[in-house]
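The next block holds one structure in the form of structure tokens; read it before the comments.
Just so it is clear, none of the values below were taken in a lab; they were calculated from the coordinates. A quick note: this is a predicted structure, and the numbers were derived from the prediction, not measured. Note that we place each Cβ from the backbone using ideal geometry, even for glycine, and neighbour counts take in every protein chain shown.
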């Protein structure tokens with residue numbers, strides 16, 4: 001799926017999938033399953049939280 005090239009943004013599809021999986025899996029499990037880095041997943045989660053707070 002997403003390649004691990006630094007500086008390249010993973011496609012939105014992967015991001016959405018990761019956020020779905022995070023509801024039932026740990027960050028590490030999501031990373032392993034989607035082939036993305038932990039920092040990527042953490043950033044997405046933070047962005048989601050901020051977006052929710054800011055409406």
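At a glance:
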{"item": "Relative contact order, percent, the stretch 12-54 [alpha-carbon distance under 8 Å, six or more residues apart]", "result": "36 percent"}
{"item": "Convex hull (Cα only) mean projected area of the stretch 12-54, reported in nm² to one decimal", "result": "2.7 nm²"}
{"item": "Packing-based order for 22-35, 42-55, using average beta carbon neighbours within 10 Å, highest first", "result": "22-35, 42-55"}
